[in-house]
Amino acid sequence: MHITTSDYSLPFLFIEIGNFILSVLCFRHAWRQGRYPLFIMASAMIYGFVLEYSAVASVPQQYHYNYFIFQLPGPVPLGVALGWGVIFYAVTQTAMWLAPPWALRPVLCGFLAVSMDFIMDPLAVALNFWTWTESHYGQWFGIPWDNYVGWFVVISSLSFMQVLGFRWFPPGGKGLFRDFLVAFLATVPAFFADKVIMDAYEWLAQLNPEALPEALIVAIFFGFFALLTIPFIQKFQQNHSADPVVLAVPLYTYAWILVTFFATALYKKFPELVIVIPVFVILGVLGFCWPYLNKILPLKLAGEKEENNKFKSWLPWALLVFFAWFFLFHHEKGIIGQVELPKDDAFLKQEPIQWWYWTGHLETVETEEPRRFGFEIVFFAFKGFDAQLAQTAVTDVTGDSFHFKEYVHFSLPKEVPNQFDLVAGPGNQIIAKGGNGKDSLHTEVDGYVLDLAAESTKAPVLHYGGNAHPFAYGGNTYYYSREKMAANGTLKIGDKAYKVKGTAWYDRQYGELYQAIVKGWQWFAIELEDGREIMLYDYRGKYADVERYGSITGPGNQTRDLGPNDYKVEKLGEWKSPHTGCTYPMGWNVTIGDLKLKVEPLVVDQELRAQHHFWAGPEYWEGAGSVAGDANGKAYVELNGYCREVEGTIDIKQKARMPLQQ
């Protein structure tokens with residue numbers, strides 16, 4: 001992705017430039033401390049880079065970075081690798097000055113590091129610094145739980161191996177090369193320790209998510225180490241002179257978090273973080289300042305004031321109870337909530353844009369020569385305009401014809417708990433009612449009258465782990481699908497009625513989608529005969545290589561997310577609409593790992609065109625297709641934005657070439 005300086009937001013520039021400055025200060029500080037702290041910091045940077053590289057280069061990707069000033073291989077931003085070293089240096093120095101038992105020092109390092117990551121990561125994801133692309137069983141404000149467990153394990157294990165190494169080979173003197181070896185060689189056993197612990201954690205998290213929620217596992221994990229730490233808190237050293245360089249790392253980070261959260265108005269969208277962020281900032285500052293507590297606060301050493309002893313004894317236990325409550329009862333909250341079913345099938349009055357979308361493939365039954373059809377029914381709701389746009393289409397594959405209709409209503413849908421009740425057109429020509437995977441559909445267009453009952457045969461697929469996905473160009477979306485619905489009903493064509501059966505694909509999407517809908521995209525809903533369903537999409541424009549996502553759901557309902565580099569779509573040809581003059585790709589080769597598929601339209605002209613006059617568009621191509629190659633099947637493909645420039649502006653040249661008669 002090509003990024004210019006104008007693409008960088010102020011929050012990104014402040015954290016990135018601040019990170020570079022802090023790196024220089026910490027390098028200088030470490031050099032003056034006796035060299036071996038410099039080796040500790042440098043080893044953490046290299047170790048952090050290796051871990052980041054393995055995550056962004058994995059197949060499928062666990063996450064990917066959207067912004068960087070200087071790029072390392074992977075691609076991993078240089079600032080991220082520097083950040084590993086800076087944070088590791090700050091936490092190891094602070095833990096050393098607390099003077100706990102040597103085996104407890106790595107645990108303190110882990111807690112101090114996680115105190116920053118717990119509240120920094122949600123903001124970074126909300127601001128689209130990076131995007132998670134891998135499905136996870138649980139989330140903490142849109143971030144996978146294993147990210148935080150991993151942070152604690154990585155920091156603690158590396159610190160433990162280095163502490164152990166320097167206990168055997170004390171640093172200093174003339175053994176600079178020995179100090180270098182101890183610091184860097186500690187990364188090898190630390191890596192294997194990380195691997196063993198995280199593999200065990202992942203196995204436990206996947207064992208029985210319903211009986212043993214991942215949030216409970218995380219609460220037990222952190223609670224165990226907290227219980228090891230609390231008895232020693234009153235014995236920690238509190239008379240060290242304040243070190244401005246080491247303190248600058250957490251204080252700058254916490255200041256950035258607070259200023260960014262409130263200055264960018266994220267607090268309006270994420271009200272729950274209004275409580276979480278200040279609490280973690282206070283706790284983090286308290287933790288990093290604990291070695292200097294008697295220097296900067298009017299507290300005396302243990303034993304001098306009874307009231308201070310009471311304060312120090314009950315506070316840790318109170319905090320442990322608070323976090324146990326927060327972990328257990330707020331673990332399913334995404335960055336602005338998580339998908340909740342069947343609740344989110346209903347019209348959600350707080351969402352700016354939302355839609356309910358059905359496409360499908362039908363075939364007549366009890367006829368000598370079966371006829372094939374495709375269908376589309378979609379309802380859009382726009383909160384800002386208090387308007388609905390309903391569109392419907394029937395593709396007569398056997399008759400090689402396409403029929404569509406649309407209606408605009410300046411009202412919003414009914415609010416029905418856990419259900420939708422959608423109607424449009426004079427005499428309710430388009431109807432969609434139901435919810436929770438049992439839908440009743442009706443549409444009338446050009447003499448085709450379709451009545452269907454659609455029922456899910458698989459669990460819904462929650463894209464992005466059921467959390468909000470922030471777009472690189474602004475806005476966000478929630479997105480889930482019922483990809484395998486059995487469809488049965490009747491189709492009347494003129495005076496003749498047919499029984500039909502087939503499959504329907506239901507898409508539900510809502511969020512701040514105004515920026516997205518003008519960009520344009522290509523979207524594929526692929527149903528393979530072997531029981532797999534594949535969803536893919538690519539957004540058009542400057543962020544096309546970032547805003548790519550997909551999923552594969554197997555016969556057993558196991559879904560795997562596909563990141564931007566996990567699949568490839570190549571067009572085979574083009575088709576120019578005689579109605580609008582718009583040129584669409586037509587025919588595609590789809591490659592997902594070793595799976596190679598060829599998708600082709602069953603009818604070429606399946607373009608829907610705006611029939612209202614309230615706003616521009618939409619004009620888009622959406623139609624039924626066939627799938628061949630390594631597996632056979634059927635597909636629905638949507639091509640949106642091909643009558644506009646890729647950034648959403650009107651294509652003036654193309655409009656000038658449009659035929660006068662439509």
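The values are calculated or read from the model by the stated rules, or taken from the named source; none is laboratory data. Note that the coordinates shown come from a computational prediction; the quantities given were computed from them, not determined experimentally. Cβ sites come from the backbone with ideal geometry, for glycine too, and all protein chains shown count toward neighbours.
Against the condition closer than 23 Å to residue 461 by Cβ, touching a Ser or Thr at 6+ places or on another chain (Cβ under 9 Å) and crowded, with 18+ Cβ neighbours inside 10 Å, how does residue 590 come out, does it pass? Show your work before the answer.
Numbers: closer than 23 Å to residue 461 by Cβ: yes; touching a Ser or Thr at 6+ places or on another chain (Cβ under 9 Å): no; crowded, with 18+ Cβ neighbours inside 10 Å: yes.
Here the answer is no, as residue 590 does not meet what is asked.
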Candidates 550, 502 - the one that is buried (at least 22 other Cβ atoms within 10 Å of the Cβ) and in contact with a His (Cβ under 7 Å, 6 or more places away or on another chain): 502
Among the residues of region 459-481, what is the count of those that are closer than 17 Å to residue 536 by Cβ, out of contact with any Asp or Glu (no Cβ under 7 Å at 6 or more places or on another chain) and part of a strand (DSSP E or B)? 5
From (1) out of contact with any His (no Cβ under 7 Å at 6 or more places or on another chain); (2) outside any loop (DSSP other than H, G, I, E, B); (3) farther than 24 Å from residue 340 by Cβ; (4) of a type outside the set (Lys, Arg), pick out the condition that doesn't hold for residue 535. (3)
Filter region 366-397 down to residues that are touching a Lys or Arg at 6+ places or on another chain (Cβ under 6 Å) and at pLDDT 95 or above and give me whichever is surrounded by the most Cβ atoms within 10 Å (Cβ to Cβ). 392
Take residue 527 and tell me if it is under 18 Å from residue 482 (Cα atoms), charged (D, E, K, R) and in a strand (DSSP E or B). yes
Taking residue 512 as meeting all but one of (1) at pLDDT 90 or above; (2) within 30 Å of residue 347 (Cα to Cα), write down the number of the exception. (1)
Hits in region 31-58 - residues which are closer than 16 Å to residue 182 by Cα and among the hydrophobic types (A, V, I, L, M, F, W, C): 38, 39, 40, 41, 42, 44, 45, 46
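Could we say that residue 496 is out of contact with any Pro (no Cβ under 6 Å at 6 or more places or on another chain) and modelled with pLDDT of 95 or more here? So that I can check it myself, show each step before the final result.
Numbers: out of contact with any Pro (no Cβ under 6 Å at 6 or more places or on another chain): yes; modelled with pLDDT of 95 or more: no.
No, not satisfied.
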Lone unmet requirement of (1) of a type outside the set (S, T, N, Q); (2) part of a helix (DSSP H, G or I); (3) surrounded by fewer than 16 Cβ atoms within 10 Å (Cβ to Cβ); (4) in contact with a Leu (Cβ under 9 Å, 6 or more places away or on another chain) for residue 30: (3)
Which residue pairs have Cβ atoms closer than 8 Å, lie 6 or more positions apart in sequence or on different chains, and pair a first residue in region 113-125 that is assigned by TED's automatic domain parsing to the domain that holds residue 258 with a second residue that is among the polar types (S, T, N, Q)? 116/253; 117/147; 120/253; 121/147; 123/260; 125/131
If only one of 300, 310 is farther than 30 Å from residue 465 by Cα, assigned to a helix (DSSP H, G or I) and either modelled with pLDDT of 80 or more or out of contact with any Leu (no Cβ under 9 Å at 6 or more places or on another chain) (or both), which one is it? 310
Would you please name the residue that is surrounded by the fewest Cβ atoms within 10 Å (Cβ to Cβ), looking only at residues in region 209-246 that are over 29 Å from the mean Cα position of the chain (by Cα) and assigned to a loop (DSSP other than H, G, I, E, B)? 241
